[in-house]
Amino acid sequence: MAEQRNVVLVDGTRTPFMRSGTAYLSQTSYDLARIVLRGLLERTAILPEDVGYVVMGTVIQNLRTSNVARDAALAAGIPNSVPAHTVTMACISSNQAITSALETIRSGNATAAIAGGVEVMSDTPPQFEKKARERLFEAQGFKSPLEFRRLLSGMSPSDFLPRAPTISEYSTGELMGESADRLAAAFGVGRKEQDEYALRTHTLAAKATDSGRLAAEILPTAVPPDFELLTEDNTIRRDTTLEKLAKLPPAFVKPLGTVTAGNSSPLTDGASAVLLMEEEAARASGYEPKARLVDYLYVAQDPGEELLLGPAYAVPRLLERNGLSLSDIDVVEIHEAFAGQVLAVLKALGSERFARERLGRERPVGEVEMERVNAWGGSVSLGHPFGATGARLVTTAAHRLEEEDGRFAVVTACAAGGLGHAMLIERIGED
């Protein structure tokens, strides 16, 4: 068997993340994907023809560019001979894009690959009720004005009103926020604890922005119609306080729920991308890679009972098969769908009962010192473009390893469908 090829992260970048309906209102997923791919090519100075594959994640597709990876790659200047495909895996779509690119390199089918993701919630396609869709499809065959009268026969104007899609679990019909409320309650995570975490993530994101740490991964972006140069995320609430957070009403389970708009990730637009290469090829090309992508895995649980608990299952398995413990991990980057979800996962990792009943372990996985978790902010403060968050997590983890002089990082995230992901990243020192 051939020796496994090491895959490294050369660099990563992302557009500033913007609240949906604000700066990227005029943009489509294709537009932001093209911008970030072109930005990554310029940032790394890799020749477009040296890219062997492109993979991007997205969740809400624009029908005109359903394979947005291919369309955006062509527009960014990547040759038409370079294959590209788009993946969707809910909130871990760009995590899947990265691991798909990683396997393409490991298998020898490419030496360099670009992976990332994009989401423009501002461009969500409206939906129509099934009755209206059937009637509109039938109308495609109409030829005379008399036939078109049948279009409205038996229909009311409200039947043709577009409806925004809901962010709910298809298999259960439950909103994700409702699942987060139940998860927080199951692990004893109260409202005050969630609000304190939300304040922490906004405070840390503001500090990371002001210090220039986040600027290292952000691609200054200007879009029509104003072409104002965007250099920072507009999702960070610098003026928030515990008092302000405490006044917000429950967003999902009323009147006693603990999940609010203030301790949840906002609807966000943005794009991200990373350049991966085979390690020897990267060094031969003159790059100094930031980190090795050592190992990864995906897990799945019951979406009715454990929709957001994937990291509590994925992280222990990842560590165990690499002979590591939580104490060996210097940096933890976990997707913050909700403050309560993050805190529940951390409590599960430290729970003897969870270890025994759900993981089949005699002892808990371990406690995670909060100083290691999302030290530059997370999805609650930085925003969460569904298809783009995973590549942001990986890029930030690599930068933090360098900044904090660490060796190992774990990137982990939950996703709709009861899915979860964890990845082990190792900083590359002076060999």
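For beta carbons closer than 8 Å, sequence separation of 6+ or different chains, a first residue in region 212-232 that is under 16 Å from Ala375 (Cβ atoms) and in a loop (DSSP other than H, G, I, E, B) and a second that is among the polar types (S, T, N, Q) and at pLDDT 95 or above, the qualifying pairs are Glu217/Thr13; Glu217/Thr395; Glu217/Thr396. Against the list (1) buried (at least 24 other Cβ atoms within 10 Å of the Cβ); (2) over 24 Å from Phe386 (Cβ atoms), the condition Ser179 fails is (2).
For Phe128, the criteria (1) modelled with pLDDT under 95; (2) under 21 Å from Ser379 (Cβ atoms) hold in every case but one, which is (2). Of all the criteria given as (1) free of Cβ contacts under 8 Å to residues at least 40 places away in the same chain; (2) more than 21 Å from the chain's Cα centre (by Cα); (3) within 24 Å of Glu426 (Cα to Cα); (4) not in a loop (DSSP other than H, G, I, E, B), the one not satisfied by Glu402 is (1).
Residues that are of a type in the set (Gly, Ala, Ser) and part of a loop (DSSP other than H, G, I, E, B) within region 182-199 comprise Gly188, Gly190, listed in sequence order. I'm checking my understanding of the structure. Among residues of region 194-230 that are of a type in the set (Ser, Thr, Tyr) and surrounded by 14 or more Cβ atoms within 10 Å (Cβ to Cβ), which one is nearest to the chain's Cα centre (by Cα)? Among them, the one singled out is Thr201.
For region 288-339, filtering for residues that are under 19 Å from Val7 (Cβ atoms) and of a type in the set (S, T, N, Q) leaves 1.
One residue stands out in region 2-23 among those that are closer than 13 Å to Pro266 by Cβ and assigned to a loop (DSSP other than H, G, I, E, B): the one that is nearest to the chain's Cα centre (by Cα), namely Phe17.
Taking region 28-124 as the region of interest, none of the strands (runs of 3 or more DSSP E) fully inside it holds 3 or more residues being touching a residue at least 60 places away in the same chain (Cβ under 8 Å), touching a Pro at 6+ places or on another chain (Cβ under 6 Å) and surrounded by 23 or more Cβ atoms within 10 Å (Cβ to Cβ). Is it the case that Arg64 is over 24 Å from Tyr296 (Cα atoms), touching a helix residue (DSSP H, G or I) at 6+ places or on another chain (Cβ under 9 Å) and not aromatic (Phe, Trp, Tyr)? Answer is yes for this residue. For region 347-394, a residue qualifies if it is buried (at least 20 other Cβ atoms within 10 Å of the Cβ), at positive phi, assigned to a loop (DSSP other than H, G, I, E, B) and in contact with a helix residue (DSSP H, G or I) (Cβ under 7 Å, 6 or more places away or on another chain), and exactly one does: Asn374. When region 405-415 is limited to residues that are assigned to a loop (DSSP other than H, G, I, E, B) and touching a helix residue (DSSP H, G or I) at 6+ places or on another chain (Cβ under 8 Å), the one that is surrounded by the most Cβ atoms within 10 Å (Cβ to Cβ) turns out to be Gly406. The set of residues in region 253-265 that are under 28 Å from Gly387 (Cβ atoms) and surrounded by fewer than 20 Cβ atoms within 10 Å (Cβ to Cβ) comprises Val253, Ala261. Selection of helices (runs of 4 or more DSSP H) fully inside region 238-346 by the criterion of at least 1 residues being closer than 24 Å to Met423 by Cα returns 279-284, 310-321. The residues of region 294-328 that are of a type in the set (A, V, I, L, M), closer than 17 Å to Ala344 by Cα and more than 18 Å from the chain's Cα centre (by Cα) amount to a single one, Leu326.
The values are calculated or read from the model by the stated rules, or taken from the named source; none is laboratory data. Only a predicted model underlies this, so the values are computations on that prediction, with no experimental measurement involved. Reconstructed Cβ throughout: ideal geometry from the backbone, glycine too, with neighbour counts over all protein chains shown.
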